[in-house]
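Here is the structure we will look at, set down as structure tokens.
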Amino acid sequence: MSNGLKLVLFAAQLLTVASAILVALHPNVLYASVSLLFAFLGVAVMFVYAGADFIAGAQVIVYVGGVTILILFAIMLTQWLYKMNLKDVPAKLGIPVVIVGVGLIPALYKVMRELAAFVEKNPAPDLEKFANLPKTGVIGQALLSNYVLPFEAITILLLGALVGAVWLARPR
Amino acid sequence: MAHSCIWIVLLPFCAFLIQVFLGKKLPRHGDWVSVFAILGSCALAIPIFVQLLRTGNVSDALPLTWISLPQVFTGKPFEILIGIGVNNLTAIMLMMVTLCSSLIHIFSTGYMHGEERYHLFFAYISLFSAAMLGLIVSDNLLTFFICWELMGLCSYLLIGFYYKKPSAINASLKAFMTTRIGDVGLFLGICGLYTLFGTSNFEQIYAMVKQPELAQATILGLPGLTFIGFMVLMGTIGKSAQFPLHVWLPDAMEGPTPVSALIHAATMVAAGVFLLIRMFPLLQQGHHVLTVVAYVGGVTAFLAALLAIVQVDIKKVLAYSTISQLGYMVLGVGVGAFPAAFLHLLTHACFKACLFLSSGNVIHSAHTQDMREMGGLRTKMPLTFAAMMIATVAISGFPFFSGFVSKDRILAGTLAFSMEQGHWILPVLGFVTAGITAFYMFRMMYMTFFGAARDEHKHHHAHEQPFVMVFPILVLAALSFSLWFSGPSGIEKFDSFMPISWYDTAIDNTQRAMGILAEHTEGASLEIEHRAHSLAMLFSLTVAALGVLLSTMIYLKRVISADKLKAAFGPLHTLLTNRYFIDDLYVDILVKKVLLGWNRILATFDDKVLDRIFVDGWSDVVMVVKSIIGKFDDIFVDRIFVDGTGQVIALGGWALRIVQTGRVQQYLMMALAVLGIAIWFF
Amino acid sequence: MVNLLNWATGLHGYLFIGAVLFVLGTISIVSRKNAIGILLGIELVLNAAGINFVAFSKFRTGSIDGQVVALFIILIAAAEAAVALAIILRLYRLRETIDAGEANLMRN
């Protein structure tokens, strides 16, 4: 990959991180939601670069187009917009939380690295070739062969979530 | 044999306990309990005595360890051994005491009839008998002393029996206190014995006294054996009413007559002499102890006899007579003739008890004790008169009677002693006293039984007493003959055909057991003894006859006037009637001025100083300590431990409560923190 | 700079991003008062997990399993977001507020 492309990826990663920071720390929950949208977009770009084209598409459709809109609807429904009561002062544990969190990053990173080293014992044969494949077909095949059970389970889950959400939010 | 001695002592003691607690409820107030108890003791004493008569020697022992402490101060363990020991002296004394006591018990059932505290009287004389018997069978000075004190207690109780009379109360206290002074001495002597010998057992003392190194032993700087000897003598002076502690005995006549007979004639006062006799080997070893003993006895005998001349109360005559005869016994021990002294103890018990009981009869019959109100009772009370006459003749020292035998021996011993060692005053005192004794005894008889009745009313009502009161005196009178002791006439030369030598055999064996030689068995001494004996007999018969003659002339025939004599001897008479002013000396000066003042000083000191400082002051100290401790407890303990514990728990609870917010976010936060730590470190 | 680029666009970069997103999401969950804010955090966390899976799929295993899992994650996240929002609406109707601290019947 050329350096230019890498640069674009890097920029996307920065965008993601910055958006995520806003999501976590911005007092206004509406701003945080919008930041989350940008974070999702950034993640989608990262998916693309990781050879997960279908996943990137799913990310954008479901998250950006679905979840974020849903969240915005919820914000509006709970009348915060009209009350202008959007100041969400973080809880008293704000500063210590951030400190702990920041301390947690290297920990998680270290764990993941060791996991990576572990996985290194069985290197895959054709990483490059696999990376450039269009994945849609592969995913579809995997869904209906190896992962048919989770697939079916997820459908039921989605059904349940649908019914449940409708029932929970029913009018009085 | 020693085991039966336990019963001999226990029977009267059990009678005492029964009488004290149950006496009032028993029929006849339980006098039969006491009487049977003492008769039982008498019955148990008889076999022992019979064995003595048969074999000439009895010996038995029952030792006991009372206290045994290991290695307290010195290297060896500290032990106090007590026990019962039977030997010849013991056997004879047991017989005499149980017999006299039984007779007096029987007499008391008549004499004390109708008394308010009848049962208590018997309780007390039972206790007394038990104590005396216990004293006799003790083989060591410790239990001897315990019984000695117990007898003192009974004496106090019995003298003060008529407690409603102030004079009786005073007399009982006087008796107790005076003998107490002597008892202190005796106790010091016992302590001295323990210091020197480590034991108070008679047998062991007899053995140890001979050791030559003891001659140098000292107690508090004084020669050891001498010190103990004098302390023992103190005990005797107190208990046997020797000069200068004789003052309690005449006053003790406030008690009922049987008491006087039992305690103050036959037994308790004899205990002092018994002590001297038992401790004789030790007394011998001390320097000059025996000499002092002899003088004490002689002086007492003489002075008391003089006092008896001027008494008008029949019991007081007998009291002074007792003191005088006790003086004889002590004199006998002092000159070394203790077999004679012991024999006099026995004979005196019999005839003095007889005299006292007879006087009791007279008092009961004539309702007075003053001889000036009596007279001519001979016809009214023939049996009493007969018994009393026999006893009087005995005490005066006439042949054929027991008193002659014993008194003669004492006087012979005194004479022999002075022939060897000087001190001529002693036999002089002895013989003069014998004469005076005869004089005042016959005076008593004449004033009471002979002549015209001085009080018609009393004379008219006088009568012989009931059988229970006459029987004992007849028995005792019968025992006052010499034939029981050494032959019909009492004069050895004439009686040598009679094999009644039980006493001599027994005493010889006793002396052997004690480790002292039978008196005067060597050549030259034997010679002196024979001469002394003959001389003594001569002298004693002479003075006795003189005494009787003088008495008859003054009091019976009225040839010489008593009043003229009284006027002639004016100052002496005053001195005698006031008892040499000794009582006054003791009470007014010694007690009231000296001791009372000292008592007041001590009492003030005790009250103001000791009580204030130590008792009250101690309470102040305690209060201060209490407040300190209270504060300490409050501040330190309460605050820290009690409240503190609560607060620690509350703190813990508060801390934990912070965690339990109920807010999921915080739970999650905490979980993440732990996770981070876990990842970092593991 | 190139090294940084190489690192960031390699496996390690993806993992790092995943860690960062995960932590930020956790911070949001833990510290936000608003219930919807908490939901935002949850979404971030799920995304981070997905990134990890996809990264491993690309750089190590060379198989499709990681992406399939990421797909599942997305689906589940969507379902869960729907339900969560329904709950929030319910809470709002009940309490007139969506303050997470207020949903607390415990006596503190």
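What follows draws every value from the coordinates through simple rules; no lab data is involved. What you are looking at is a predicted structure, and each value in this text was computed from that prediction instead of being measured. Because the Cβ atoms are built from the backbone with ideal geometry, glycine has one as well, and the counts that use them run over all protein chains shown.
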TODO: Scan around residue B:243 for amide H atoms under 5 Å from its own, H built in the peptide plane at 1.01 Å from N, and keep only partners 5 or more places away or cross-chain.
DONE: B:300
Open item on the list: 7 Å from Cα along Cα→Cβ at both residue B:54 and residue B:553: what's the point-to-point distance in nm?
Closed with: 5.5
Open item on the list: For the protein assembly as shown, what does the helix formula give at 222 nm: sum of -39500 (n - 2.57) over DSSP H segments with n ≥ 4, over the residue count, nearest 500 deg cm²/dmol?
Closed with: -23000 deg cm²/dmol
TODO: Select from B:234, B:309, B:140 the residue farthest towards the positive end of the dipole of chain B; place +1 on Cβ of Lys and Arg, -1 on Cβ of Asp and Glu, and compute about the Cα centre.
DONE: B:309
- [ ] Beyond 31 Å between alpha-carbons counts as too far, so tell me which of B:174/B:380; B:164/B:593; B:164/B:239; B:164/B:352 fall in that bin.
- [x] B:174/B:380
Open item on the list: List the residues, sorted by chain then number, that are 5 or more residues from residue B:140 or on another chain and whose placed amide H is less than 5 Å from its amide H.
Closed with: B:83, B:202
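How long are the three semi-axes of the equivalent ellipsoid of chain B, in whole Å, if each is the root of 5 times an eigenvalue of the C-alpha gyration tensor, listed from largest down?
Values: eigenvalues 894, 197, 137 Å².
In descending order, the three semi-axes are 67, 31, 26 Å.
Give me the orientation-averaged projected area of the Cα convex hull of segment C:2-100, in nm², one decimal. Numbers along the way, then the final one.
Numbers: hull surface 27.4 nm².
Mean projected area for segment C:2-100: 6.9 nm², to one decimal.
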Open item on the list: If I take R0 = 22 Å and measure r between the Cβ atoms of residue B:655 and residue A:102 in this structure, what FRET efficiency does the formula 1/(1 + (r/R0)^6) give, to the nearest 0.05?
Closed with: 0.25
- [ ] Might you report the magnitude of the Cβ-based charge dipole of chain C about its Cα centre, with Lys and Arg at +1 and Asp and Glu at -1, to the nearest 20 debye?
- [x] 120
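To the nearest 0.05, how large is the calculated FRET efficiency for residue B:639 and residue A:172 if R₀ is 56 Å and r is the Cβ-Cβ distance?
Values: r = 60 Å, r/R0 = 1.06.
Computed FRET efficiency for residue B:639 and residue A:172: 0.40.
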Task: Chain lengthening between residue B:647 and residue B:587 when straightened (0.36 nm per residue, less Cα-Cα) - done: 13.8 nm
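Given +1 on the Cβ of Lys and Arg, -1 on the Cβ of Asp and Glu, and no further charges, what dipole in debye does the protein assembly as shown carry about its Cα centre, rounded to the nearest 20?
On the way: 61 positive and 54 negative charges, 504 e Å.
Dipole size: approximately 2420 debye.
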Open item on the list: What Kirkwood Rh does the protein assembly as shown have if only Cα atoms enter the pairwise 1/r average? Answer in Å.
Closed with: 38.4
Open item on the list: Compute, for chain B, the length of the dipole vector about the Cα centre, with Cβ point charges of +1 (Lys, Arg) and -1 (Asp, Glu) only. Units Debye, rounded to 20.
Closed with: 1180
Task: Average beta-carbon neighbours from other chains, 10 Å sphere, peptide A:152-162 - done: 3
TODO: Pick out, from B:561, B:201, B:290, the residue whose Cα sits farthest towards the positive end of the charge dipole of the protein assembly as shown, with +1 on the Cβ of Lys and Arg and -1 on the Cβ of Asp and Glu.
DONE: B:201
TODO: Distance from a point 7 Å along Cα→Cβ of residue B:177 to each backbone N in segment B:574-596: keep the residues under 17 Å and list them by number.
DONE: B:582-596
- [ ] Return the whole-Å distance between the Cα centroid of segment B:362-441 and the Cα centroid of segment B:106-150.
- [x] 27
